[in-house]
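Data first, discussion second: the structure below is written as structure tokens.
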Amino acid sequence: MDAERKKIYNRLRRIEGQIRGLQSMVERPEPCVDILTQLAAVTSAMKKTGIAVLRVNMKRCLNGAATKGRIRRDEFEAALTRYIDLS
């Protein structure tokens with residue numbers, strides 16, 4: 001695994017830990033304000049991770065995979081639109 005992919009993997013592991021923390025907060029139950037604050041933090045972390053994935057893989061996604069017939073540009077654009085619409 002190259003260094004950039006390792007950073008993305010580590011981000012996802014941290015997010016996984018945040019989600020487990022949220023599950024515990026709901027179980028206890030913690031105040032709504034605290035849960036919403038943590039949900040906002042997880043949402044932000046996911047968005048930043050998505051941007052990192054795009055940045056690291058943009059060239060490969062658009063060029064390499066498209067030329068090998070594994071993905072069509074319109075499929076990539078649709079996936080990108082779905083990601084952006086989540087923001």
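For this structure, a couple of remarks:
- Residue within segment 10-27 that is among the polar types (S, T, N, Q) and surrounded by 14 or more Cβ atoms within 10 Å (Cβ to Cβ) present: yes
- Every pair of residues 6+ apart whose Cβ atoms lie under 8 Å, when the first sits in segment 1-29 and is touching a residue at least 24 places away in the same chain (Cβ under 8 Å) and closer than 17 Å to ALA40 by Cβ while the second is basic (Lys, Arg) and part of a helix (DSSP H, G or I): ARG11/LYS48
We did not get these values from a lab; they are worked out from the coordinates using the rules stated. Computed from a predicted model, the values in this text were never measured in an experiment. Glycine also receives a Cβ, built like all others from the backbone with ideal geometry; neighbour counts cover every protein chain displayed.
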